[in-house]
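Just below is one structure, and these are the notes that go with it.
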Amino acid sequence: MRRRAEGVEWRGDPGYFIRIDPASCDGCGDCLRVCLGSCFTLGAGKAEVKDLGSCMECAACWYACERGAIILSWPRGGTGFATEYG
Ligand code: SF4
Ligand code: SF4
């Protein structure tokens, strides 16, 4: 079961705003280790986006991937991670 913190919500369908370039990914797993949302999985020696429904848009995966395999954009306005604390 996914935990929800007070004052935090995920709005609408953000789409797949984070993608992985399989040609660049070497399966090191660093993105899995830094992701607090458990958004990735490893399959066939490559990382895959599992579920962005708990992504906090922190970009830690993008920073951690030394091979530049993570293609990061942002959810459409009004969707995705939101907090009432700004
Ligand atoms: S950090 Fe980059 S290279 Fe490593 S598994 Fe994740 S996407 Fe692949
Ligand atoms: S932006 Fe943050 S929460 Fe979202 S997939 Fe990357 S590391 Fe995980």
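Some points to look at:
- Test: residue in the stretch 37-49 that is among the hydroxyl-bearing types (Ser, Thr, Tyr), more than 10 Å from ligand 2 (Cβ to nearest atom), in contact with a strand residue (DSSP E or B) (Cβ under 7 Å, 6 or more places away or on another chain) and assigned to a loop (DSSP other than H, G, I, E, B): no
- A single entry from Asp30, Asp13 fulfils the requirement of being within 18 Å of Arg67 (Cβ to Cβ) and either within 10 Å of ligand 1 (Cβ to nearest atom) or of a type outside the set (Val, Ile, Thr) (or both): Asp30.
- Whichever residue in the stretch 21-47 is aliphatic (A, V, I, L, M) and touching a helix residue (DSSP H, G or I) at 6+ places or on another chain (Cβ under 8 Å) and, among such residues, is farthest from Phe81 (Cα to Cα): Leu42
- Failed condition for Trp10, given (1) part of a loop (DSSP other than H, G, I, E, B); (2) among the aromatic types (Phe, Trp, Tyr); (3) surrounded by 13 or more Cβ atoms within 10 Å (Cβ to Cβ): (1)
- Ala64 meets all of the listed conditions (1) in contact (Cβ under 8 Å) with a residue 40 or more places away in the chain; (2) touching an Asp or Glu at 6+ places or on another chain (Cβ under 9 Å); (3) of a type in the set (Gly, Ala, Ser); (4) under 26 Å from Arg4 (Cβ atoms) but one, namely (1).
- Identity of the residue in the stretch 13-42, among the aromatic types (Phe, Trp, Tyr) and surrounded by 15 or more Cβ atoms within 10 Å (Cβ to Cβ), that ends up nearest to Gly77 (Cα to Cα): Phe17
- Scoring Ala47 on the criteria (1) surrounded by fewer than 16 Cβ atoms within 10 Å (Cβ to Cβ); (2) modelled with pLDDT of 95 or more leaves a single failure, condition (1).
- Remark: Asp13 matches the filter, which requires a residue to be in contact with a Ser or Thr (Cβ under 7 Å, 6 or more places away or on another chain) and among the charged types (D, E, K, R).
- Residues in the stretch 55-86 that are within 7 Å of ligand 2 (Cβ to nearest atom) and among the small types (Gly, Ala, Ser): Ala59, Ala60.
- Residue check, Ala59 modelled with pLDDT of 95 or more, within 15 Å of ligand 1 (Cβ to nearest atom) and under 20 Å from Ala5 (Cα atoms): yes
The values are calculated or read from the model by the stated rules, or taken from the named source; none is laboratory data. In this text, all values refer to a predicted model and were calculated from it rather than measured experimentally. Heads up, the Cβs are rebuilt from the backbone with ideal geometry, glycines too, and the neighbour counts pull from every protein chain shown.
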